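Contents: one structure, followed by commentary.
Every read-out reported here was derived from the displayed coordinates using simple, explicitly stated rules and does not represent laboratory data. It should be emphasised that the depicted structure is a prediction, and the values quoted were computed from it without experimental measurement. Quick reminder, even Gly has a Cβ in these numbers, built from the backbone with ideal geometry, and neighbours come from all protein chains shown.
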Amino acid sequence: MMSRIVALVATLLAVSSTASAFEASVVPATRKVVPGDKNTYTTWATAELAGCRNEWESFQVVIRTEGTLTGVNAAMTDLAGPSDSVIPASAAHLYREWFLKIENPSGGGISVKNHMREPGLYPDPLIPFVDPYSETPNPVGAPFDIGVNDNGLAVVFVDIHIPDQALPGTYLGTLAVTAEGQDPIAIPVELAVWELDMPNEKNIGTAFRMSDSQVRRYHGGPDEGATSADFDRILKNYYVAAQDHRIDPTGFKGPVDFQFDGDGVLLPVDWTAYDAYMAPYIDGSYFPNGVGVARFDVGMFGPGRGRTMDDEQYKQAAAALANHLDQKGWWHKAWVYSKDEPWLTKPLEDPSVAEQNMMNVANDSRLLVESSDLWKGHILVTGPKFDLAAEWVGIWCPVQPMYDSWFWTEDDYPGRGDYDAHVAGGGELWFYNCNGNMPPYPGYDIDTTIGYEPRILKWGSWYEGATGYLYWRLLYWGDFDPWVEWQDIPGFGPFFARNGDGLLMYPGDGDGTFADARTPEFLSLDGPIVSYRMKQIRDGLEDWEIFIMAEKAGIGDWVKTEIGKVYRRFGNFMELDCERLNYYCPEDEPWTLDEGALLQVRSRIAAKLLFTLYPDRYPDPDEPAIPEVVESGAEITETIEDIAELPGDVGTGDSVTDDTTDSGEAQQDAASDAVQGSDLQESGRSGCAAGKGSTRDLAAIPALILAAAVAMLMRRKKAAY
């Protein structure tokens, strides 16, 4: 261990002794780097991360030059940890961030202070350095060039998977950034592994609809209805990519036929083909990690969706399905999607349509529950709770702006407290977002400068008591090319057309039946290009799992108080008016604009959970740290170890800031009265340094040696700026 660290220090010092014609520095994964917005360039010299075993932790590297660069590349070393343990370099997945030129901002450009949607370049597609869908390591996203049309800027997204067998403690390594004819730049990477395990089996229900036909159009699959082993492999890569981000597709509908005799009695059902189709998704054999979906829509008997069966036939077939899934041990994962958004009418001026929709949902839901008690708790409605169907609906799933009175200020939608009795009776509350999430509501817009909007949505969902999250589409590519068009203005109108709505993955190929695709010419992948937003969604779902761990450990109320420092509510009515309740006021932000505060809260929650589970090994983050008094000449090793091992410790390294960069005062002034606590004032850094692990061995000493070398490196780099 010591020899590896000493060698690493020597490498860092050797590299730092020469000058390069480019700069490479770290920004946290929560920061969306927007060309031209100098505040997003404020960087640090060290990547400091912390997370659970089996969790993904990420950071970004901003590469800048005043000229041009060719052959730009990056590579991670192994991360050396306690007791000679190693996180291999292969655990790091590197991507080049691809910038999209937004000319028509989301919502027609209507937005509010601090939550602007403006024209410009925004990162979203993540081009992998190496083809993840090939058995051979074919280069894809790197090496690359930075030319005169690239604003002298490139961003690399680094995603590290912490192995589930990793020893807790601090791991050290480097990311080397290189370019042809230039001296390399070595970026120190410090990863603290918590003594916590991110579960493989997801505790959160997710439903993100996949569009198989869109995959077929872009990847050259055969016509609809045909089968192809090659297409099946490509399609599977899309499902696996979603699962890698803790996202399950909405539903699976295996082939089954319900037949009735002349008296309307259901004939025996042959479930053979249905079971063969469904089993791999549910038992996990379809996925490389062997983990099945957490929840799924059965795809049949959707209340209010219309049906050809009469009431009695409907009840018989529905009971047969529920009983069969129960016998297979699959029923606890099943739910049924009712008519989507029954409150939404066309035309909007005709409320009688909505009333009829709700009556149909209520009537069919009643029939399902009458057919079998198994259906209780398994009917989902995408909308706020309404009394007509409250007796039978098990999962209420409102869009965030239709929860409480924070957006539609003239309407009294059910909100906090109104779902408590439903949940106490065994029901569930889910949420979803769509093109109706107007700023200052967070959403999935490409053209926001606040990168962690998708993540804070998941924090708020847990805070409000949800157990699942739904999104209407992963691949809304429509009749346009998702590499050059990201909003459906003809379909939704300029106000509701949002960039990236329903589009979280991009086709990795453009040689399919969609002849006009403008996929980057160097891309020819048998799978999707995932997005920056998907990484934020995944991180939010991982955070949600940590909150659930804390609940199970008995500190749920403490966690809710802690989250309350950075989250008050989902949003406000978008009109700026500080005089009226629930209208947007910058001095009363609904959720924090300080990414450091967000990550500091996450670190404190992990520290509290570690203390709760292992009080003999971890300090209480709520107890003030009392430094040990060391007599002159006494052994100091234990004191050094204690300092290095505090799970809630936040590093205080020097920032590296572009001299031409605005210090970010405007953003901080706007956020000064936002959601924050007095203990979050040290949030100028990323907050990722918290959580130094649990082991107390001599690994702390080489860590301090490395820290000294890194400090020297940082001072040299700062002087160069």
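The table for this structure:
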{"item": "Distance cut-off 18 Å, percentage of C-alpha pairs in segment 571-613 lying past it", "result": "49"}
{"item": "Using a Förster distance of 51 Å, the FRET efficiency for ASP387-ASP145 (Cβ separation, nearest 0.05)", "result": "0.25"}
{"item": "Fewest-first sequence of GLU589, GLU103, GLU23 by Cβ atoms within 10 Å of each Cβ", "result": "GLU103, GLU23, GLU589"}
{"item": "When each of LYS315/LYS552; LYS202/LYS608; LYS32/LYS385 is checked by Cα-Cα distance, pairs over 31 Å", "result": "LYS315/LYS552; LYS32/LYS385"}
{"item": "Highest to lowest packing among 337-344, 374-381, 530-537, scored as the average C-beta count within 10 Å", "result": "530-537, 374-381, 337-344"}
{"item": "Gain in span if fully extended, LYS328 to ASP84, counting 0.36 nm per residue against the direct Cα distance", "result": "83.3 nm"}
{"item": "Two-site FRET efficiency, GLU312 against ASN289, from Cβ-Cβ distance with R₀ of 41 Å, rounded to 0.05", "result": "0.40"}
{"item": "Model label zone, PHE258; criterion: amide N under 16 Å from point 7 Å along Cα-to-beta-carbon; scope segment 309-333", "result": "309-326"}
{"item": "Nearest-0.05 FRET efficiency for ASP616 and THR272, computed from C-beta distance (R0 56 Å)", "result": "0.55"}
{"item": "Where Rh is the Kirkwood radius over Cα pairs, Rg/Rh for segment 205-531", "result": "0.96"}
